[in-house]
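Structure first, then comments.
The values are calculated or read from the model by the stated rules, or taken from the named source; none is laboratory data. Not measured: the values here are computed from a predicted model. FYI the Cβ positions are ideal-geometry reconstructions off the backbone, even for glycines, and counts take in every protein chain you see. Calculation scope for accessible area: heavy atoms of the full protein, side chains included, ligands and nucleic acids excluded. Shrake-Rupley method; radii C 1.70, N 1.55, O 1.52, S 1.80 Å.
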Amino acid sequence: MRTFDPDKYEPEVDPDFGGRPETVAAFKEQLRRDSEGLPIGKVLPGKAIENDFGSCHRMTTTVRGALRRGDAEKTRQDLLGSVNLVRGIRDKTRARLVEQGFKTLADLEDHPRFCGDAKRIRELLEAGSTEKLTEVVGARLSKSHPKVLGLSGLHADADFLFLDLETMGLFAGQPLVVAGIARLGSDNTIVVDQYVVRDFPDELALLAEVNQQVAAHRVLVTYNGKSFDLPFLTGRSAYYGIKLKPPGVHFDLLHFCRRAWGRKRGLSLRRAPCDSEGLSPLSSVSLHSIEQAILGTSRETDLPGELVPEFYYEYLRTGNAGFLKPIVDHNRQDVISLVNVFSSLVEHWASRG
Amino acid sequence: MPDILTALDRLRQQRWYSGQIAGIEPLPSRAPTYAEPDPPLPKPLASLVEQLGIPKLYSHQVELLRHARARRNVIITTATASGKTLAFNLPVFETMLESRSATALYLYPMKAVTQDQLKVLKRFEQGLELELHPAVYDGDTPADKRPRIRQRSRLVLSNPYELHQILPYHYQWQQFYRNLRYCIVDEAHTYRGVFGSNVAQLIRRLRRICAYHGSDPQFFLASASIANPQELAEKLTGKEFVHVGDDGAPRGRTYLVFWNPLANAESSIHVQTQQLVAHFAKSGFQTVCFVPSRRLAELISRWVKEHTPELAVSPYRAGYVPEDRRSIEAGLSSGALRGVVSTDALELGIDIGSLDCIVIAGFPGSFASFWQQAGRAGRKLQDSLVVFIGYADALNQYLLRNPALILERGFEAAVIDLANPYIIKGHLACAASELPLRKEEVDDAKQPAVKALEDELALRRTPVGWIYAGRSRPDGGIACPPGSICPCGRRLPVLAHATQDRRPLDGHVSGHCQHGPHSSVGRRLSDTGTVPYSPPAGPEVPVGSSQPRCFPVAHVWRGTDPHQPGILAGLPAHPARTGHHRPGLSGPHLRVGPHHPAGPVRRLFLQLHLHHQ
């Protein structure tokens, strides 16, 4: 029977949790020294913005980059030709219909049984109401089907909003600290706005800004936003009693990445997705894994997400804005990756037909 | 049913009887008192009551209805099986018939009871042809069922733990809270001591959220007999209450037998317990025996089975799989099970019908528990038997020599402290994470707690009020992985337990740790159970820090000194004891086991308390 000697016992720290203590402590010390006494405006170049709910700090960066989202006309043609979007049509029926000469949705409008549904889908396409179309396509095929992502082709660059949040924790009763929003600028640029909470009274203003941006754009792109970012925003807005208009179309890239590059799970008869390109399926589809494996970029000193609360806490305690820098850098990189991952997904599926 | 006096005579003729009966006290029977509600019940409800086999309502049920209609809050303390459930369901369903949107919340301390109540509510719903979708929303409710319950259930059954977890998500329950008319709290006598103080603060948080959504529910509390029902109710909820205590239900004559096992020096107490249970079960009485520990329940049950193989006998305790517990309860209700040996798990309101004979082995620790257990005996107006076996210790023997103490029905008071700064602090942090804490809500009593939380950077002042800004959930809840927390090396305040259980807590306690890298590990405890710890070196650790640490632990004892109550934890003698630990970490950890008799009670307390040491 093993006995413990209380005086010799050392508490175990989970090595996967939050980075190794020694390097984190050294990093913190360096940040503290570098930014001692500097105001936030010097450490995070930007300015304070005001709205009806208060003010917060905004940092704007512009980087070169473009979004690949598929050709509008091609998408339309592809959808018009997808007869299996109509309820009741699967492979067998489809084969039979093609034989009979019903190849597109337009043809189906003459069919006695399927005309109603086909007409409805065509009308949605013509009206360009991608919100309803994502629902239809998602329901008939799968929510993370390439065709759902393909619907992005029906939008203009200006419709897109890429969002990533940094918070004090996973629980919606804890505050937001940084919100990163990217929009597509003219001439192949990505404009990244990062809103930072200098102290918690700013959070309400930040929420109002974010909500306004989400309401102003028809397409929202996030990573794991369906499980985290959007419920978090909803909870936080409810906490302050302000309204959040739900996004029109929400592409959560995690699910698409899983479908495109993730590991085959369980007894699936589906062929491992990356085999044909010689890429083996990824065991982790976190944003970082995708960045490394697919985009081929890697971040040098990146703050792991779990340490964000700890660094923000240090900022609050010491008032030294240096601790905010890694959080903001991490967030900016996440948001820019969102754009690039989106493009990669579109290319990946475009190349496979 | 065979005659009790005859059975007692036969008992005296047994070989092993040598004068152990120290006394027999017949408790008088009571005839029922009926009453008619005025104005009468709406027709559908009246006919449903008749269909349920209840021709007339008891006086206490009608009194509760009268107060409920007058919009008063009521606490009812009539005996077990006196129709308390029907009493508070009548006003609720009357309202459900009138209003299309009204909702009601039912809170029970234990999950087992909620299933029974759900059946009752579904029967009402069916009988009245309403669409209320009564549902249980607690830790066992699967995630995919939750959204529908939030959207459409008008009757929700839950428990304080779950409520504590879901209050921050009140925006998902907006419709429910906006239309909340009734909040029913059952077994309110269990909410006493530290646990009760926590629940009192929890209910105030609930009322705060209801006020935010625009409702002010009426409270109905049901409780066992305690010395201060009105005070308890008012302290628990902060509202004014009316007490309904005059029991109109009929009671048959109960023979209370005081049994002193020491009169037979050769026979062990437990053997005598088994002999008594076997004797009465064989004589044709459906018997339940309450014993102080789980091990004893199984042991005595096994002995009884050995001696009476022809009878169906079973042990019962918390820690059994719910299906097994349901089947034992059903066996008791139907009469198939002739004998059950149980811990106090069977004391609370689980519906098992009434029994012919109750054997109470060892004083359960409080008069309230004693009468809860004894109250299980007695079907309608038939005679019943309660045998109290006094154990060898001083308290039990004193009671045997002074039966007046028990017979005078002195009930303990249920005490709640609303001013405990540790408890207030925890709940303030939670309240701030639900809605911003406004200045009007912070009175002088709460000022120091708010200041302390601000100093720890857990609360921050903003123009809309104080918001919660800690790095972990203030309730120390779900985000904390099991098995990852610690004794802080100091004495921790104790959990008050309704039955004043004397057993050592075996091994597992969990909560959220917020200790930084400098705390010391608790030293090894001796078997006597109380050890002074030296306070840990290093800085005070603030609320809401998020780095969990794991420490090995041994036994956790309830403190034995009433002036310095504490849960003390130490190091394990056996690393292999605890079954589950966080993957990647070796060594045993501190963890609340589901097999602990009051597992959830402790979790709630510990999560809040460990935070604010």
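The single condition from (1) in contact with a strand residue (DSSP E or B) (Cβ under 6 Å, 6 or more places away or on another chain); (2) open to solvent by 50 Å² or more (accessible area, probe 1.4 Å); (3) not hydrophobic (A, V, I, L, M, F, W, C) that B:Arg15 fails is (1).
When restricted to residues that are open to solvent by less than 40 Å² (accessible area, probe 1.4 Å), within 13 Å of A:Val219 (Cβ to Cβ) and not in a loop (DSSP other than H, G, I, E, B), the range A:120-145 contains 3. In the range A:18-75, the residue that is surrounded by the most Cβ atoms within 10 Å (Cβ to Cβ) out of those that are assigned to a loop (DSSP other than H, G, I, E, B) and among the hydrophobic types (A, V, I, L, M, F, W, C) is A:Leu44. Here B:Cys183 passes the criteria (1) open to solvent by 20 Å² or more (accessible area, probe 1.4 Å); (2) out of contact with any helix residue (DSSP H, G or I) (no Cβ under 6 Å at 6 or more places or on another chain) except the one numbered (1).
Residue check: B:Phe258 meets all listed conditions (1) outside any strand (DSSP E or B); (2) open to solvent by less than 20 Å² (accessible area, probe 1.4 Å) but one, namely (1). When each of A:Ala260, A:Ala172 is tested for being more than 12 Å from chain B (Cβ to nearest Cβ), surrounded by 19 or more Cβ atoms within 10 Å (Cβ to Cβ) and either modelled with pLDDT under 95 or part of a loop (DSSP other than H, G, I, E, B) (or both), the lone residue that passes is A:Ala260. Scanning the range B:286-295 for residues that are surrounded by fewer than 22 Cβ atoms within 10 Å (Cβ to Cβ) and of a type outside the set (D, E, K, R) yields B:Pro292, B:Ser293.
Would you call A:Ala106 part of a helix (DSSP H, G or I) and at pLDDT 85 or above? When the stated conditions are applied, A:Ala106 does not pass them. Out of B:Ala227, B:Ala263, B:Ala278, B:Ala249, one residue alone is within 23 Å of the chain's Cα centre (by Cα) and not basic (Lys, Arg). It is B:Ala227. Of the residues making up the range A:188-216, those that are within 14 Å of chain B (Cβ to nearest Cβ), part of a helix (DSSP H, G or I) and not charged (D, E, K, R) number 5. May I ask you to list the residues in the range A:239-253 that are outside any strand (DSSP E or B), touching a Gly at 6+ places or on another chain (Cβ under 8 Å) and either away from every other protein chain (no Cβ under 14 Å) or β-branched (Val, Ile, Thr) (or both)? Correct list: empty. Applying the criterion of being open to solvent by 10 Å² or more (accessible area, probe 1.4 Å) and either in contact with a Pro (Cβ under 6 Å, 6 or more places away or on another chain) or free of Cβ contacts under 8 Å to residues at least 12 places away in the same chain (or both) to the residues of the range B:261-285, the residue that is farthest from B:Ala392 (Cα to Cα) is B:Gly284. Step by step: first the residues of the range A:186-197, then only those that are surrounded by fewer than 18 Cβ atoms within 10 Å (Cβ to Cβ) and not polar (S, T, N, Q), then the one that is modelled with the lowest pLDDT. Which residue is that? Among those that are surrounded by fewer than 18 Cβ atoms within 10 Å (Cβ to Cβ) and not polar (S, T, N, Q), it is A:Asp187.
In the condition set (1) over 31 Å from the mean Cα position of the chain (by Cα); (2) open to solvent by 10 Å² or more (accessible area, probe 1.4 Å), B:Ala445 is compliant with all but (1).
Rundown of residues vs (1) farther than 27 Å from A:Val192 by Cβ; (2) in contact with a helix residue (DSSP H, G or I) (Cβ under 7 Å, 6 or more places away or on another chain); (3) modelled with pLDDT of 85 or more, yes/no style:
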site: A:Thr3; (1), (2), (3): yes, no, no
site: A:Pro15; (1), (2), (3): yes, no, no
site: A:Gly18; (1), (2), (3): no, yes, no
site: A:Lys28; (1), (2), (3): no, yes, no
site: A:Gly46; (1), (2), (3): no, no, yes
site: A:Glu50; (1), (2), (3): no, no, yes
site: A:Cys56; (1), (2), (3): no, yes, yes
site: A:Thr62; (1), (2), (3): no, no, yes
site: A:Val83; (1), (2), (3): yes, yes, no
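Every residue, every condition in (1) on the phi < 0 side of the Ramachandran plot; (2) out of contact with any helix residue (DSSP H, G or I) (no Cβ under 8 Å at 6 or more places or on another chain); (3) assigned to a helix (DSSP H, G or I); (4) open to solvent by 30 Å² or more (accessible area, probe 1.4 Å), yes or no:
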| position | (1), (2), (3), (4) |
| --- | --- |
| A:Lys147 | yes, no, yes, yes |
| A:Gly153 | yes, no, yes, no |
| A:Ala158 | yes, yes, yes, yes |
| A:Leu163 | yes, no, no, no |
| A:Val178 | yes, no, no, no |
| A:Leu184 | yes, no, no, no |
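Within the range B:412-432, identify whether any single residue is at pLDDT 90 or above, open to solvent by less than 70 Å² (accessible area, probe 1.4 Å), more than 14 Å from every other protein chain (Cβ to nearest Cβ) and in a helix (DSSP H, G or I), and answer yes or no. No, there is no match, as no residue in the range B:412-432 is at pLDDT 90 or above, open to solvent by less than 70 Å² (accessible area, probe 1.4 Å), more than 14 Å from every other protein chain (Cβ to nearest Cβ) and in a helix (DSSP H, G or I).
Consider B:Leu405 carefully, then state whether it is at pLDDT below 90, away from every other protein chain (no Cβ under 14 Å) and in a loop (DSSP other than H, G, I, E, B). So B:Leu405 does not fit the description; no. Selection of the range B:173-190 for residues being farther than 29 Å from B:Pro229 by Cβ and touching a residue at least 24 places away in the same chain (Cβ under 8 Å) yields B:Gln174, B:Gln175, B:Arg178. Against the test of being closer than 22 Å to B:Lys380 by Cβ, open to solvent by less than 10 Å² (accessible area, probe 1.4 Å) and small (Gly, Ala, Ser), the options B:Ala68, B:Ala87, B:Ala35, B:Ala81 yield a single qualifying residue, B:Ala87. Within the range B:301-320, the residues that satisfy the criterion of being among the hydrophobic types (A, V, I, L, M, F, W, C) and either within 12 Å of B:Val291 (Cβ to Cβ) or open to solvent by 70 Å² or more (accessible area, probe 1.4 Å) (or both) are B:Trp303, B:Val304.
Of all residue pairs spaced 6 or more apart or on separate chains, those with beta-carbon atoms under 8 Å, a first member in the range B:96-115 that is at negative phi and a second member that is in a loop (DSSP other than H, G, I, E, B) and among the aromatic types (Phe, Trp, Tyr) are B:Pro109/B:Tyr191; B:Thr114/B:Tyr108. Within this structure, A:Ala272 passes the test of being at pLDDT below 85, open to solvent by less than 30 Å² (accessible area, probe 1.4 Å) and either aliphatic (A, V, I, L, M) or outside any loop (DSSP other than H, G, I, E, B) (or both). For the range B:59-81, give me each residue that is farther than 9 Å from B:Ala35 by Cβ and either of a type in the set (A, V, I, L, M) or touching a Ser or Thr at 6+ places or on another chain (Cβ under 6 Å) (or both). Answer for the range B:59-81, where residues must be farther than 9 Å from B:Ala35 by Cβ and either of a type in the set (A, V, I, L, M) or touching a Ser or Thr at 6+ places or on another chain (Cβ under 6 Å) (or both): B:Leu64, B:Leu65, B:Ala68, B:Ala70, B:Val74, B:Ile75, B:Ile76, B:Thr77, B:Ala79, B:Ala81.
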